[in-house]
Amino acid sequence: MAVAMGVTNAPLKDMDEWDDFLTGRYKEGKSEAEFRQYDAEANPGVAEFYRLNHEHQTLDYVLAKEKQYFGLDKGQKSIWEAAEFLNTLVDDSDPDTDLTQIEHLLQTSEAIRKDGHPRWFVLTGFIHDLGKVLCLWGEPQWGVVGDTFPVGCAYSKDIVFPEYFKANPDYCKPELQTKYGIYAPNCGLDKVHMSFGHDGYIGEVMKNYMPEESLYMLRYHSFYSAHRHGAYRHLMSDHDVKMLDWVNKFNVYDLYSKGHTKPNLAELKPYYDDLFAEFFPAKIAW
Ligand SMILES: [Fe+2]
Ligand SMILES: [Fe+2]
């Protein structure tokens, strides 16, 4: 049974569409100019999604959401419970061709595993989108998925649909629209407030359990303007720049793992039971 979510009560199929749009545009290797022309006309639903996202992700909104969620007081869940919870966000689309949330996670982690990467990297593949449970706590889709970017300073032209920032109330606050805004030069990404979404949230959930490389992958996997276009270097420390290499290593798997061969959950479960037990207690705080 579908659980309708988001501002327009659209089913989850749409939520994946925003991610697919992003990953698709980066896969095709078109120029930015080509994208600009093509994006809005060819994808009116996606354009509307980003219009809402760019209008509502203000500094105040982000600070309020961080306060609401970063205390991790929404309950204790095991990794399987979180994944199954996320899977309840089923859409009405064809069950034979569309992957469930767990299947997307397993495709990502299995692709990483096949390439012989360390166990923490495989695990990162499995947990990277678990922050989408935010949708089940009533957050609108524009506040959960999509491209992420720093708030409290000037917007990069390399963010998708940058023209929609004109409707953001912060756009009229000159102190929030300078190059550095509220930040000091090269202050480090840990000081920077990113637009709120599933990336930052899962980074918080996992911060006591996963290595730093993994936390960068989790926190910044949708920060496309930085890892695809080199934007926002002026806010990063040298350490951030080095660690972003890991984000790029990870994103290859997120981009290319969306095939339609369904992973066999029953077969894979024992491996993942062991993997979860190696890094986590039975239940963790969400
Ligand atoms: Fe994601
Ligand atoms: Fe993903």
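Summary of values
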read-out: Ranking of Phe279, Phe223 by count of other Cβ atoms within 10 Å, fewest first; value: Phe279, Phe223
read-out: Burial order of peptide ranges 44-56, 165-177 (average beta-carbon count within 10 Å, highest first); value: 44-56, 165-177
read-out: Sites Leu72 and Cys187 - FRET efficiency at Förster radius 41 Å, r taken between beta-carbons, to 0.05; value: 0.95
read-out: Amide H contacts under 5 Å for Ile284, placed H, 5+ residues apart; value: Lys77, Ser78
read-out: Residue order, fewest to most beta carbons within 10 Å, for Ser237, Ser214; value: Ser237, Ser214
read-out: Ordering of 229-236, 107-114 by packing [mean C-beta count within 10 Å, highest first]; value: 107-114, 229-236
read-out: Entries in Lys74/Lys262; Lys114/Lys262; Lys74/Lys132; Lys65/Lys132; Lys132/Lys207 that, when Cα-Cα distance is taken, lie over 19 Å; value: Lys74/Lys262
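No value in this document is a laboratory result; all are computed from the given coordinates. Keep in mind it's a predicted model, so treat the numbers as computed, not measured. Glycine gets a Cβ as well: all are built from the backbone with ideal geometry, and neighbour counts include every protein chain shown.
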